[in-house]
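The values are calculated or read from the model by the stated rules, or taken from the named source; none is laboratory data. None of the values given here were measured: they were computed from a predicted structure. Here the Cβ positions follow ideal geometry from the backbone for every residue, glycine too, while neighbour counts run over all protein chains shown. Surface areas here come from the heavy atoms of the whole protein model, side chains and all, with no ligands, DNA or RNA. Shrake-Rupley method; radii C 1.70, N 1.55, O 1.52, S 1.80 Å.
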Amino acid sequence: MAQQKGILPLKGTIGNITFYKSKDGYLAREKTSVNAERIANDPAFARTRENGAEFGRAGAAGKVLRTALRSLLLHTADSRMLSRLTREMMKVIQADATNERGLRNVIDGEAELLEGFEFNASSKLGTSLFAPYSASIDRVSGALAIAIPPFVPMNMVAAPSGATHFKLVSAGVEVDFENKTYVVDFGDSNSLPINSTATAALNLNHQVTANSTKPLFLVLGIEFYQEVNGNQYSLKNGAFNALALVKVSGA
């Protein structure tokens, strides 16, 4: 693909070149002569079919996780999150050492590779919240927990200009990628002022199915607000909010 240059960007097809608009601007690419039927049946495209099957599986897995966390993701702005998560899911699938290529899946892969994934690349948890915390997953009891000792928000929270308050949000998630179902438990710290007064110790506890054989995910995030006349408003529709997978336990 090539980026278009010039005063008048083009859209449409001229000869073998297709011109179109994307999030990266106006682009151009050469039309392919390979049709869908050949890709689906020609032995020469076996690798392409295998890659396509696993890419589709990665996209479906990412959708299940996104759906489970939808209420939190609504407040976190990142237009490229979907493609980034699919790419990381592909790494999980490619780590499957049990099944043949084309049949690899998330369940037999390494879900732990998703640990540390940031849902908002523009505002990461590690650059927004500097307070130390511990994250734990107990598969036997189904308990997922985040413990945060007291901290001074003014020193440990990198708040955007205009923010007066913040809230820590979290979720414990159990995902059945095969059946596309999930169990999720949400929690938060309530709104806290960004000042020089230390917070109390914060414990965000979640419960999913005990003795689960499914991947478990623990999510932590921070949301910023501005107080005006006693009401709190989210800043720029969540552009500054951070959300990350802080602990993952595969099946």
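At-a-glance table
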| quantity | calculated |
| --- | --- |
| Wholly within the stretch 183-251, strands (runs of 3 or more DSSP E) carrying at least 3 residues that are under 24 Å from the mean Cα position of the chain (by Cα), among the polar types (S, T, N, Q) and modelled with pLDDT of 95 or more | 202-207 |
| Considering residues of the stretch 152-184 that are out of contact with any Phe, Trp or Tyr (no Cβ under 8 Å at 6 or more places or on another chain) and surrounded by 16 or more Cβ atoms within 10 Å (Cβ to Cβ) only, the residue nearest to residue 56 (Cα to Cα) | 177 |
| Residues that are of a type outside the set (D, E, K, R), within 20 Å of the chain's Cα centre (by Cα) and open to solvent by 20 Å² or more (accessible area, probe 1.4 Å), drawn from the stretch 86-118 | 90, 94, 95, 105, 107, 113, 116 |
| Condition met for residue 83 (at negative phi, part of a loop (DSSP other than H, G, I, E, B), at pLDDT 90 or above and open to solvent by 50 Å² or more (accessible area, probe 1.4 Å)) | no |
| Residues of the stretch 228-248 satisfying the condition of being of a type in the set (S, T, N, Q), over 13 Å from residue 169 (Cβ atoms) and either surrounded by 14 or more Cβ atoms within 10 Å (Cβ to Cβ) or in contact with a strand residue (DSSP E or B) (Cβ under 8 Å, 6 or more places away or on another chain) (or both) | 232 |
| Odd one out for residue 251, checked against (1) in contact with a strand residue (DSSP E or B) (Cβ under 7 Å, 6 or more places away or on another chain); (2) within 19 Å of residue 116 (Cα to Cα) | (1) |
| Conditions (1) open to solvent by 100 Å² or more (accessible area, probe 1.4 Å); (2) closer than 30 Å to residue 225 by Cβ; (3) at pLDDT below 85; number of the one not met by residue 37 | (2) |
| Extreme residue, surrounded by the most Cβ atoms within 10 Å (Cβ to Cβ), among residues of the stretch 119-139 that are under 27 Å from residue 93 (Cβ atoms) and hydrophobic (A, V, I, L, M, F, W, C) | 119 |
| All positions within the stretch 128-141 that are among the polar types (S, T, N, Q) and closer than 30 Å to residue 251 by Cα | 134, 136, 141 |
